[in-house]
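The values are calculated or read from the model by the stated rules, or taken from the named source; none is laboratory data. All values derive from a computational prediction rather than experimental measurement. All Cβ positions, glycine included, derive from the backbone under ideal geometry; neighbour counts span all protein chains shown.
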Amino acid sequence: MSPSTFKDFRNNVKPNWCPGCGDFSVQSAIQRAAANVGLTPEDLALVSGIGCSGRISGYINSYGFHGTHGRALPIAQGVKMANRDLTVVAAGGDGDGFAIGIGHTIHAMRRNMDITYIVMDNQVYGLTKGQTSPRSDDGFVTSSTPDGSIEQALPPMETALMSGATFVAQSFSTEIKELTATIEAGIQHKGFSIINVFSPCVTYNKVNTYDWFKENLTKLSDIEGYDNTNRTQAMTTLMEHNSLVTGIIYQEDRPAYEDMVKGYDEKPLAHQDLALDPDYFESLVGEFM
Amino acid sequence: MREEIIWKVGGQQGEGIESTGEIFSVGMNRLGYHLYGYRHFSSRIKGGHTNNKVRVSTEKVNAVSEELDILVAFDQESIDVNYHELSEGGVIIADAKFKPENPADSKADLHAVPFTEIAKEHGTALMKNMVAIGATCAVLRMEVEVFTSIIQEIFGRKGEDMVEKNMQAMQAGFHYMKDSLGNEEESLSLAAADGEKRMYMIGNDAIALGALAAGVRMMPAYPITPASDIMEYLIKKLPDVGGTVIQTEDEIAACSMAIGSNYAGVRSLTASAGPGLSLMMEAIGLAGMTETPLVVVDTQRGGPSTGLPTKQEQSDLMQMIYGTHGDIPKVVMAPSTADEAFYDAAESFNIADEYQCPVILLSDLQLSLSKQTVEPFDLTQVDIRRGKVLDEVKEREDKNAYFKRYQVTEDGISPRVLPGTKNGIHHVTGLEHNEEGRPTEATQNRKDQMEKRMRKLDRLVERFPNPVAVNAPHEESDLLLVGFNATRGAIEEAMAELEKEGIKANHAHIRLIHPFPTEQLKPYVDAAKQVLVVENNATGQLANIIKMNVGQIDKIHSHLKFDGDPFYPEEIYQGSKELLEHESIHI
Ligand SMILES: Cc1ncc(C[n+]2csc(CCOP(=O)(O)OP(=O)(O)O)c2C)c(N)n1
Ligand code: SF4
Ligand SMILES: [Mg+2]
């Protein structure tokens, strides 16, 4: 069998995203990364949340699960635990992952299952037509913040570092090469990887535009001596650059959750024979007598 | 000679009440008695009055009784709170240390036994529970030797010396009490049991074991009373079969994770109580819409809100049936004993797999936490049916077409493939979707898919084993008693009392709550002059469901109890009498 190409991960569905939406590039980067790491479409389970970005699971030729708002990660973790042979990628928006789903995001990072989580961060709620997001900058004017946001923006990468994530990366959707490479590294990382992708919403965010990002982003590869295994350096670098850096910010070698669970089978649970050994069952019954 | 005695131990929570009750009960179980134990406890971990009441009988018992024969008291509060349950001939055995006083209007005899002092003589004050059990044996006119094996199991690891000391403390308690009783009539001596080996367990253990027997490998859950025992049991056992429990950050995560696992092909359950179920509702809807098998256990407790977290109630019924927004196919099952809980739990996974929908396994605090005698479970009675899961899928000519995961079929159930299967790629979404799982709002498709989902359950009721457990000795009855979950035993006992007076009573216990077994219940409603629906809630939720499905509103009455305690047979007897005499009930 010939190895897959990114075309194998295409389906014939035309995304309903606005022309110019940053999510198109994320879609394409996932397709390329999946092919590059040698997956076939059926090896991949893509679990997404609700939002414009959440529609992505329907736009890639792979097993796709479009869940509920904010719950992509719990569903994805359930899939991974059931079948550890699958490559599980979760994806969604900044509202999905950092507002309604922030609890799950933090706990998934602590838990460190071998899953890749891609956030399409446009700092606004796209699907519901332009309300503020926990990622919106101070003063950001939206239909729900007519006088400008008065809440602090949540810093996802710093939060990830503090929550014990073992792979923390940020990227920019037009930088398709860097983005693809980052997603590949995330998939290959054994453990939880979070990749926050600046994915501009051309319709509802007129502040954080493509040009704005081009002007303000710094590539970590341009910072001399940057060591992404050094958590302290990662944190100070983020703070020095107002979190606006791209690249792999931090990576740590720590056993994934699946490898630490006592008794958890090497063989995917989904492929096991469910019938209980009668002798084992008898011993369980005996414990109550 | 008695065929049944009711025993209670009371004291401050966290002071060994549990171990006293446990050792006594396990011993009686091993002798072949049938037991039903109910613990009264406060949410506080330490301090606060707690008691454990155990019915010990030569026959099967399934209810808590209001009566009491023997009260073992570790403090005065235990006497003050419980003495009124004791009748003439009852015995209070109290630790002499706190100088127990028998209330003026107490009908029982008080025996002050120096529990603590005797315990200290033979080892440490901690052994006072052994002294109390020894004293109990003296009242029951039975030997303490039956407890040797249990003491051995508990203390064997700490050496023979410990075992010996505990047995001596028990013996000493026995002799002290025997002398104290003198030559009193042997009114509380207990008839011998049949010596059969039976299990002694709480309903939650039975549910957990049923899940294990059904092939469950994953349980994501968030702790809550009275559901936690299920996850605590499975975290001990699932590693034996390669699986695990994950304590999630909340119930939304627990339910969503269970959905993810089930989607990927593993039998996975979660369990909670009312507050957790409220949080799970959106996810349960997702399982309904995506046709993902899912089993959720709801161990009902006192609501609303945080309510009465450690008390009995049956008030989640409406939420379990209607809680989710939109219309989904859903099954709600309600076992009534630990025995049924085991087999129903196992079967719930077959139903979830076969009908590809969420199944709520409804329990209540009384069923979940009452420790009861159960005939040993039979694994050969448990079969595993996965429904329409395809192991292989043929290649399609149209490369762009997805596998039709939501194919419109006659029975509404579509073939399912697990992620990872070649040629099986499809999309799953909570949005309305076409046969391939792609989102669409087309009106005809919406109709087709909604009807397909809803007709999956068309034949469920007729296929469901025993949806209404009926005990109907009379073709025409004066009274039909109806209940669900743990009220079964109390209704049965009340019915027997009514029969003694020549009242023709039938009993129907609803085991399948949704879809409602209308055809199965209706003949008994038709044949009854009056119907009394017995339930632990304030609004008559089951009665309303019956009125909605069966009709005959005029003869359906409610007997409600929502003070946190389980129904006692005596109360149901009284309620029935009131209804029959006044054609209405005001309890
Ligand atoms: C429980 C729930 N609450 C609210 C919504 C409505 N809703 C859908 S998407 C969304 C926010 C979308 O923002 P984001 O996650 O940033 O995704 P984007 O559309 O920007 O890609 C909201 C509030 C919902 N679907 N479910
Ligand atoms: S509204 Fe914004 S996020 Fe949504 S598709 Fe359009 S550009 Fe993209
Ligand atoms: Mg957004």
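Do any helices (runs of 4 or more DSSP H) lying entirely in region A:196-289 carry at least 3 residues that are over 26 Å from A:Ile56 (Cα atoms), and which ones are they?
Passing ranges, in order: A:231-240, A:257-260, A:278-286.
Please state which of the following conditions A:His107 fails to meet, knowing it meets all the rest: (1) under 19 Å from the mean Cα position of the chain (by Cα); (2) within 11 Å of ligand 3 (Cβ to nearest atom); (3) under 23 Å from B:Ile252 (Cβ atoms).
All conditions pass for A:His107, except number (2).
Would it be correct to say that A:Ser144 is at negative phi and either within 16 Å of ligand 3 (Cβ to nearest atom) or not in a helix (DSSP H, G or I) (or both)? Before you say what the answer is, go through the steps one by one.
Numbers: at negative phi: yes; either within 16 Å of ligand 3 (Cβ to nearest atom) or not in a helix (DSSP H, G or I) (or both): yes.
So A:Ser144 fits the description; yes.
For region B:463-477, indicate whether the set of residues that are assigned by TED's automatic domain parsing to the domain that holds B:Leu560, assigned to a helix (DSSP H, G or I), in contact (Cβ under 8 Å) with a residue 40 or more places away in the chain and in contact with a strand residue (DSSP E or B) (Cβ under 7 Å, 6 or more places away or on another chain) is non-empty.
Scanning region B:463-477, I find no residue that is assigned by TED's automatic domain parsing to the domain that holds B:Leu560, assigned to a helix (DSSP H, G or I), in contact (Cβ under 8 Å) with a residue 40 or more places away in the chain and in contact with a strand residue (DSSP E or B) (Cβ under 7 Å, 6 or more places away or on another chain), so the answer is no.
Look through region B:214-226, keep the residues that are in contact with a Lys or Arg (Cβ under 9 Å, 6 or more places away or on another chain) and more than 17 Å from A:Leu276 (Cβ to Cβ), and return whichever of them is farthest from the other protein chains (Cβ to nearest Cβ).
Per the criteria, the residue is B:Thr225.
Can you say whether A:Met109 is in contact with a Lys or Arg (Cβ under 6 Å, 6 or more places away or on another chain) and either closer than 24 Å to A:Val79 by Cα or assigned to a loop (DSSP other than H, G, I, E, B) (or both), as far as the supplied structure shows?
no
Which residues, taken from region A:124-138, are part of a loop (DSSP other than H, G, I, E, B), within 13 Å of ligand 2 (Cβ to nearest atom) and buried (at least 24 other Cβ atoms within 10 Å of the Cβ)?
Once the filter is applied, which keeps residues that are part of a loop (DSSP other than H, G, I, E, B), within 13 Å of ligand 2 (Cβ to nearest atom) and buried (at least 24 other Cβ atoms within 10 Å of the Cβ), region A:124-138 yields A:Val124, A:Gly126, A:Ser133, A:Arg135.
Could you list, ordered by first residue, the pairs with Cβ atoms under 6 Å in which the first is in region B:228-251 and at the interface with chain A (Cβ under 7 Å from one of its Cβ atoms) and the second is surrounded by 22 or more Cβ atoms within 10 Å (Cβ to Cβ) and of a type in the set (Lys, Arg), at least 6 apart or interchain?
If the second residue must be surrounded by 22 or more Cβ atoms within 10 Å (Cβ to Cβ) and of a type in the set (Lys, Arg), the pairs left are B:Gly243/B:Arg217.
Which of the following residues is in contact with a Phe, Trp or Tyr (Cβ under 6 Å, 6 or more places away or on another chain), more than 7 Å from chain A (Cβ to nearest Cβ), closer than 24 Å to B:Gln366 by Cβ and not in a strand (DSSP E or B): B:Ala206, B:Ala211?
Working: B:Ala211 fails: in contact with a Phe, Trp or Tyr (Cβ under 6 Å, 6 or more places away or on another chain).
The match here is B:Ala206.
Can you list residue pairs whose Cβ atoms sit under 6 Å apart, with the first residue in region A:28-44 being more than 22 Å from B:Val417 (Cα to Cα) and the second being among the acidic types (Asp, Glu)? Count only pairs 6 or more apart in sequence or on different chains.
Close Cβ pairs satisfying both conditions: A:Ala33/A:Glu184; A:Asn36/A:Glu184; A:Val37/A:Glu184.
Could you please let me know if B:Leu308 is surrounded by fewer than 24 Cβ atoms within 10 Å (Cβ to Cβ) and in contact with a strand residue (DSSP E or B) (Cβ under 8 Å, 6 or more places away or on another chain)? Give the derivation first.
On the way: surrounded by fewer than 24 Cβ atoms within 10 Å (Cβ to Cβ): yes; in contact with a strand residue (DSSP E or B) (Cβ under 8 Å, 6 or more places away or on another chain): yes.
Taking the combined requirement at face value, the residue satisfies it.
In region B:266-299, which residue that is in contact with an Asp or Glu (Cβ under 7 Å, 6 or more places away or on another chain) and closer than 25 Å to A:Leu274 by Cα is surrounded by the most Cβ atoms within 10 Å (Cβ to Cβ)?
Of everything passing the filter in region B:266-299, B:Pro293 is surrounded by the most Cβ atoms within 10 Å (Cβ to Cβ).
Could you go through region A:2-9 and let me know if any residue there is of a type outside the set (A, V, I, L, M, F, W, C) and buried (at least 24 other Cβ atoms within 10 Å of the Cβ).
Taking region A:2-9 and keeping what is of a type outside the set (A, V, I, L, M, F, W, C), we get A:2-5, A:7-8.
Subset that is buried (at least 24 other Cβ atoms within 10 Å of the Cβ): none.
No, that holds for no residue.
Is it the case that some residue within region A:124-142 is within 12 Å of ligand 1 (Cβ to nearest atom), without any contact (Cβ under 8 Å) to a residue 40 or more places away in the chain and within 14 Å of chain B (Cβ to nearest Cβ)?
There is no residue in region A:124-142 that is within 12 Å of ligand 1 (Cβ to nearest atom), without any contact (Cβ under 8 Å) to a residue 40 or more places away in the chain and within 14 Å of chain B (Cβ to nearest Cβ).
Please go through region A:64-86 and give me each residue that is facing chain B (nearest Cβ under 7 Å), away from ligand 2 (no atom under 16 Å from the Cβ) and closer than 17 Å to B:Met289 by Cα, ordered by number.
The first filter runs over region A:64-86 and keeps only residues facing chain B (nearest Cβ under 7 Å), leaving A:64-68, A:71, A:74-79, A:81-83, A:85-86.
The next check asks that each one be away from ligand 2 (no atom under 16 Å from the Cβ); those that pass are A:64-65, A:67-68, A:71, A:74-79, A:81-83, A:85-86.
Those that are facing chain B (nearest Cβ under 7 Å), away from ligand 2 (no atom under 16 Å from the Cβ) and closer than 17 Å to B:Met289 by Cα: A:Gly64, A:Phe65, A:Gly67, A:Thr68, A:Arg71, A:Ile75.
Of the residues that make up region B:183-197, is at least one outside the structural domain of B:Tyr33 (by TED's automatic domain parsing), in contact with a helix residue (DSSP H, G or I) (Cβ under 6 Å, 6 or more places away or on another chain), farther than 14 Å from B:Thr337 by Cα and aliphatic (A, V, I, L, M)?
The answer is yes; a qualifying residue exists.
Among the numbered conditions (1) within 23 Å of the chain's Cα centre (by Cα); (2) without any contact (Cβ under 8 Å) to a residue 12 or more places away in the chain; (3) within 14 Å of chain B (Cβ to nearest Cβ), tell me where A:Asp265 comes up short.
Unmet condition: (1).
For B:Leu35, state whether it is out of contact with any Asp or Glu (no Cβ under 9 Å at 6 or more places or on another chain), crowded, with 20+ Cβ neighbours inside 10 Å and either outside any helix (DSSP H, G or I) or modelled with pLDDT under 95 (or both).
Numbers: out of contact with any Asp or Glu (no Cβ under 9 Å at 6 or more places or on another chain): yes; crowded, with 20+ Cβ neighbours inside 10 Å: yes; either outside any helix (DSSP H, G or I) or modelled with pLDDT under 95 (or both): yes.
Against the criterion (out of contact with any Asp or Glu (no Cβ under 9 Å at 6 or more places or on another chain), crowded, with 20+ Cβ neighbours inside 10 Å and either outside any helix (DSSP H, G or I) or modelled with pLDDT under 95 (or both)), B:Leu35 qualifies.
Each row is one residue, and each column tells you yes or no for (1) under 17 Å from B:Ile207 (Cβ atoms); (2) in contact with a Ser or Thr (Cβ under 7 Å, 6 or more places away or on another chain); (3) part of a strand (DSSP E or B).
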{"residue": "B:Leu362", "(1), (2), (3)": "yes, no, yes"}
{"residue": "B:Gln366", "(1), (2), (3)": "yes, no, no"}
{"residue": "B:Arg385", "(1), (2), (3)": "no, no, no"}
{"residue": "B:Val393", "(1), (2), (3)": "no, yes, no"}
{"residue": "B:Glu397", "(1), (2), (3)": "no, no, no"}
{"residue": "B:Asn400", "(1), (2), (3)": "no, no, no"}
{"residue": "B:Tyr406", "(1), (2), (3)": "no, yes, no"}
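If a residue must be closer than 27 Å to A:Ala76 by Cβ and either within 14 Å of ligand 1 (Cβ to nearest atom) or away from chain B (no Cβ under 14 Å) (or both), how many such residues does region A:143-164 contain?
Adding up the residues that qualify gives 10.
Would you confirm, using the coordinates I've provided, whether B:Glu117 is outside the structural domain of B:Ala271 (by TED's automatic domain parsing), touching a residue at least 12 places away in the same chain (Cβ under 8 Å) and farther than 30 Å from B:Leu238 by Cα?
yes
Out of region B:80-95, which residues are touching a residue at least 40 places away in the same chain (Cβ under 8 Å) and either closer than 19 Å to B:Gly14 by Cα or in a helix (DSSP H, G or I) (or both)?
If the condition is that a residue be touching a residue at least 40 places away in the same chain (Cβ under 8 Å) and either closer than 19 Å to B:Gly14 by Cα or in a helix (DSSP H, G or I) (or both), then B:Val81, B:Asn82, B:Glu85 are the ones that fit.
Would you confirm whether or not region B:418-429 contains a residue that is in contact with a helix residue (DSSP H, G or I) (Cβ under 9 Å, 6 or more places away or on another chain) and surrounded by fewer than 16 Cβ atoms within 10 Å (Cβ to Cβ)?
yes
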